[in-house]
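Structure record follows, encoded as structure tokens.
None of the figures in this text is laboratory data; all of them are computed from the coordinates on show. Since the structure is predicted, the reported quantities are computational estimates derived from the model, not experimental observations. A quick note on method: Cβ atoms are made from the backbone with ideal geometry, for glycine too, and the neighbour counts reach across all protein chains shown.
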Amino acid sequence: PAKYFDTKTTEPISFFLSGLEELLAWQPNSNDEFNVSAVPLAKRQPPLQSKRPRTLVCHDMRGGYLEDRFIQGSATRNPYVFYHWRYIDIFVYFSHHTVTIPPVVWTNAAHRNSVPVLGTFITEWTDGEKLCEAFLAGGEEAYGAVAEQLARIAQHYRFDGWLVNIENTLSAAAVGNLPLFLRELTARVHSAVPGGLVIWYDSVLKNGTLKWQNELNDENRMFFDACDGLFTNYNWKEEQLERTQRLAGPRQNDVYVGVDVFARGDVIGGGFDTNKSLSLIRQYGLSAAIFAPGWVYEHLGKENFLQNENRFWGLLAEYLPTHSISTLPLTTSFCLGMGTSTFLDGKDEDSGPWYDLSAQDIQPLYPEDQGTLSTSCCLQDAWCGGSSLQLQGTIPPGEERMAVRLFSLQMPAPPKLFLTLLYKLEGPQSNDLTVALEVTTWDSGFCFEGNPTSLPEPNGRYHPRFLPAPPPGLAKLLAACHRGSQGWTSRCYELELQDCSLRDLSVIVSRQQPSLEETSFTCLLGEVRVLDTASVAASPPQVYSVEASQLWWQ
């Protein structure tokens, strides 16, 4: 069927639903199993519900379902990717179809990086009025059926909820039932999807008029009270933030103040001035909804996209609380889910562009320090996948080392950690430098390295013990320690900790000799792994009852 498979290539594709009939008729079916997310939402710290301002990204690009609709990837040159997941809390996939089911590649990439994904339920124009009249004015049975279907769809495809966007006027009967519909939908999503969310877009008022308020007020508050959050329109002024904060009270983090990166209408700042809007929003302790950050790609072009993207998010970083990884194993090759080649063990196995967000790895922090450090993606060389992480920096005169924080962690440390690192130093001074991993722990009087007789390190910095070869029980699994090739260097480490809690994982670039001159470096990171030795040594679970279907030999 053309809905599920591309007519030119027969490859499975992601799809949307149009209109009320198609929504109410929806049933799971064997053709759409490709669209079910295969990656559960990874745990994070602090949890999404904790009391701090959040950041929502609403992705709206040229109507949606572009090359990202190809579930098994495509040969797209210079595609759009998003990878600053550590800095955001919720990802919304937006289009103007009635029911936007997020393409599964986005759900997979977001979940791997601990970010929940919402689809969009939208009605607009005169068709929207008729649709709303049919299901909202129809009473409890009619709107209950819509709520049930939306919750079932999120549960079936394993994404995390809905943005609800009613952009048309409503009759008195329809608007009277709207808060009841929102309550019903929110309750059903919460029970069908762990951690599920329903967010309302600031559009119609309690009397049914379509009039954007750019704030939370008494005209739209009953919709906010009926669900998990409000996404405001974009043309707000500072006094509206103040009123919103006052009215929201303890729920101020559930108001997502809209920021249009395209800066349409009368706004504080978009584009590379988006930080001006965010700075004001955060002064009032409110959450932010960044709309269409694809501006970087659409407006500035595909050519220097990765450079421009790092600049855009780098300018916002101080206003974006990050979240930490809270489970092991942590393993990543830093792949973006795209490439100009496919690398395996450092070798370019297959030249040619590819794009598949499901193949995107866990993404690190992207620390920037003007003048002394920049972190970016390198497509020209990688250990595995399409890209490596490039660190470029300068060790100042008189200092011996530079620490680059890759991941913030928050979890109890297992008694024994096994870590691996693959890197490549480039440039004239590479022979004078060494590269190593560093683990820091949260301060605690009980945390010791190895045997309790050794003194605790100052500020809990641990340099894992370098292992020339993997420990006997892991040798087969981790042939990693000798596998540097194609100019890549491989390192294995072991760290024993007692009663500690992990905090950061950093890469340390050090000079071998102290120097009064600055030393510049370029280091590519190909892979980092942090494993709990006990669980790695255990044998992997057996796989049962494998079935192959829809085979087509060529």
Gyration tensor verdict on the stretch 290-345 (Cα atoms; rounded if a/c is under 1.5, prolate if a/b is larger than b/c, oblate otherwise): oblate
Sorted by average packing, counted as other Cβ atoms within 10 angstrom per residue and highest first, what order do 54-61, 191-198 take? 54-61, 191-198
Per-residue HN-Hα couplings for the stretch 184-198 [Karplus 6.51, -1.76, 1.60; θ = phi - 60°; Hz; x = Gly/Pro]: 5, 4, 4, 4, 5, 5, 4, 7, 8, 10, x, x, x, 9, 10
As an exercise, use a Förster radius of 30 Å and the Cβ-Cβ distance of Gln72 and Thr489 to find the FRET efficiency, rounded to the nearest 0.05. 0.35
First check a/c for the stretch 380-434, with a ≥ b ≥ c the square roots of the eigenvalues of its C-alpha gyration tensor; if it is under 1.5, answer rounded, and if not, answer prolate when a/b is larger than b/c or oblate otherwise. oblate
Which value, in debye to the nearest 20, gives the size of the charge dipole of the chain about its Cα centre, when Lys and Arg are +1 and Asp and Glu are -1 at the Cβ? 720 debye
Using only Cα atoms, what Kirkwood radius does the stretch 24-147 have, in angstroms? 16.7 Å
Could you work out how far the C-alpha centroid of the stretch 114-171 sits from that of the stretch 513-549, in angstrom? 42 Å
Amide proton proximity set for Leu406, modelled H, under 5 Å, gap of 5+: Leu505, Ser506, Val507
Gyration tensor (alpha-carbon) shape descriptor, the stretch 105-252, a/c threshold 1.5: oblate
Over the stretch 1-153, what is the mean sequence separation of C-alpha contacts under 8 Å (at least six apart), divided by residue count, expressed as relative contact order in percent? 28 percent
Ordered by residue, what ³J(HN,Hα) values in Hz, to whole numbers, does the stretch 137-150 give under the Karplus form 6.51 cos²θ - 1.76 cosθ + 1.60, where θ = phi - 60° and Gly and Pro are x? 6, x, x, 4, 5, 5, 6, x, 5, 5, 4, 5, 5, 4
Measure nothing fancy, just the Cα-based angle from helix 125-135's long axis to the longest principal axis of the chain, in degrees from 0 to 90, nearest 10. 80 degrees
Per residue of the stretch 396-404, in order, report the coupling 6.51 cos²θ - 1.76 cosθ + 1.60 (Karplus, θ = phi - 60°) as ³J(HN,Hα) in whole Hz, putting x for Gly and Pro. x, x, x, 9, 9, 8, 10, 9, 10
Residue span Val543 to Glu219: 0.36 nm per residue of separation minus Cα-Cα distance leaves a gain in nm of 111.1 nm
Checked against the structure, the computed semi-axes √(5λ) of the Cα gyration tensor in Å among [x] 43, 27, 23; [y] 41, 34, 21; [z] 48, 26, 24 is the one labelled [x]
Residue pairs, from the table Lys130/Lys211; Lys237/Lys276; Lys43/Lys302; Lys347/Lys416, whose Cα atoms sit over 22 Å apart: Lys43/Lys302; Lys347/Lys416
With the 8 Å Cα cutoff and a minimum separation of six or more residues, the stretch 328-390 has a relative contact order in percent of 42 percent
